[in-house]
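What follows is a set of notes on a single structure, which appears directly below.
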Amino acid sequence: MDTQDSSLSRPYCIICKDSFSLDTGNLLPRIFDERPEWKASLDEHGYVKNPAELNNVYFSMPWHWKCIGRALITHPGKRYRLSGVGLAGTSIPLPRSSADCMMIGDILSADHDKPEIKDLYVADLKHRPVGRASTCHMIHERCWVLLTRVLDACLIEDNLSVFSEIVMKHYRSPSDIPSPRMKDDGEGAWNSHKDKEESEKCGLNNPRAYAQLYSTDLPCNETEHALRDPWKVVDVWEQIKAEEKKWGRERRRKPTTQSRKARRKNPLGAKLPPELIMEILDLLEDSKQIRALMWAFPYWGARVPNSYWRRRFIDEFMLEDEAQSIPGPTALNWRRLYYKTERIHLSSHGLLNRRRIVRISEKLKTSFLDALDRRN
């Protein structure tokens, strides 16, 4: 088993520049409660090998996403390797293959003769690098997922030396995409109450209810928000369900008479076929541009089928892997919900955090591709 030492006692992600939550001591088993099969594997083996659908998990504790990551490892002689995914504790066991994932409960008590345990990197966070030892720089797994939505993962792995140079320059330099001023997401408050009898009175026995309670008084805007999970954001589903209920109530009511504006004959652009309108909309990047166009041509919105607005909503909020679970085109007013895109973003800590990380990823992509062009 190789050991890669980190120069930081608390590792930071080299993409978003936020720290990892070290799920240690009495807190360590809590992340395994997120899925019954994880808990069963932890009790039986002391670890979970390749937890299924890790990136599809909506964590009940809003800071658990910061416990899981991979490493960009630098070996002597400037040889680079991207590790698999592991769980951060006092040390971070990481699979050698970037395609593998392992969540460790207690690496010290695990059976080191087992192949999956034997074939691990271990990032020891207690010591600084010594001599020619390999080093690692950590990346939140959620940040990696968002990065690979804008930059091909295979291209990164095929050019790790270039990527390492670019991402470390970004990490060590002041950014024009600053981190939000408020980074407290409630983790410290939760941990401080974990042994108190009044925890149930505070709602602390239910982590998701606690997170909502704690979020009530937190500022939520572009410059000040909590660093909540940027990948799986439950706020989006809450908006979908709310709109579905609203649409159901509206459909049970009697139809209202059309407004005078709606009865005008041949308004500007009204005869344009829906197919052509959708082609025009596809040229626009986001909901802000579409809203601006709809202000100019308000009749276009109603001519576009609900299935189109549903697809735009799914793409906007990165829900492609959950498309089968999302209500169908006729289940709600997708155009109205899509028009709320910006409002949904500005009311969600997780979506604001996602927007910031995506912006960072896009800048890294530009710098990375420019560096490849220069090298070639």
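The values are calculated or read from the model by the stated rules, or taken from the named source; none is laboratory data. Predicted model only: the values in this text are computed from it and were never measured. Here Cβ is always computed from backbone atoms with ideal geometry, including for glycine, and neighbour counts include all displayed protein chains.
Could you tell me how many of the residues in the range 337-374 are more than 30 Å from Glu157 (Cβ to Cβ) and surrounded by fewer than 14 Cβ atoms within 10 Å (Cβ to Cβ)?
Here is the first cut: in the range 337-374, the residues more than 30 Å from Glu157 (Cβ to Cβ) are 337-349.
Subset that is surrounded by fewer than 14 Cβ atoms within 10 Å (Cβ to Cβ): 342-343.
Counting residues in the range 337-374 that are more than 30 Å from Glu157 (Cβ to Cβ) and surrounded by fewer than 14 Cβ atoms within 10 Å (Cβ to Cβ) gives 2.
Of all the residues in the range 284-305, those that are surrounded by fewer than 17 Cβ atoms within 10 Å (Cβ to Cβ) and within 27 Å of Gly350 (Cα to Cα) number 7.
If I go through the range 158-180 residue by residue, how many of them are touching a strand residue (DSSP E or B) at 6+ places or on another chain (Cβ under 6 Å) and either hydrophobic (A, V, I, L, M, F, W, C) or surrounded by 14 or more Cβ atoms within 10 Å (Cβ to Cβ) (or both)?
Restricting attention to the range 158-180, the residues satisfying the condition of being touching a strand residue (DSSP E or B) at 6+ places or on another chain (Cβ under 6 Å) are 160-161, 164.
Checking the rest, the ones that are also either hydrophobic (A, V, I, L, M, F, W, C) or surrounded by 14 or more Cβ atoms within 10 Å (Cβ to Cβ) (or both) come to 160, 164.
So the count comes out to 2.
Per this entry, Leu94 is not counted among residues that are modelled with pLDDT of 80 or more, surrounded by 14 or more Cβ atoms within 10 Å (Cβ to Cβ) and within 19 Å of the chain's Cα centre (by Cα). Does Gly105 satisfy the criteria of being in the same structural domain as Tyr12 (by TED's automatic domain parsing), crowded, with 19+ Cβ neighbours inside 10 Å, at pLDDT below 80 and in contact with a helix residue (DSSP H, G or I) (Cβ under 7 Å, 6 or more places away or on another chain)? It is true that Gly105 is in the same structural domain as Tyr12 (by TED's automatic domain parsing), crowded, with 19+ Cβ neighbours inside 10 Å, at pLDDT below 80 and in contact with a helix residue (DSSP H, G or I) (Cβ under 7 Å, 6 or more places away or on another chain).
Counting only residues that are among the small types (Gly, Ala, Ser) and over 24 Å from Asp119 (Cβ atoms), which one in the range 19-68 is modelled with the highest pLDDT? Steps first, answer last, please.
So in the range 19-68, the residues among the small types (Gly, Ala, Ser) come out as 19, 21, 25, 40-41, 46, 52, 60.
Then keep just the ones that are over 24 Å from Asp119 (Cβ atoms); that gives 19, 21, 25, 60.
Numbers: Ser19: 86, Ser21: 80, Gly25: 50, Ser60: 81.
Only one residue tops the list, namely Ser19.
Yes/no per residue for (1) among the hydroxyl-bearing types (Ser, Thr, Tyr); (2) at pLDDT 80 or above; (3) under 26 Å from Arg356 (Cβ atoms):
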site	(1), (2), (3)
Pro115	no, no, no
Leu120	no, yes, no
Cys136	no, yes, yes
Asp185	no, no, yes
His193	no, no, no
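Name the single residue that is modelled with the highest pLDDT among those in the range 246-262 being exposed (fewer than 11 other Cβ atoms within 10 Å of the Cβ) and over 20 Å from Val304 (Cβ atoms). This residue is Arg249.
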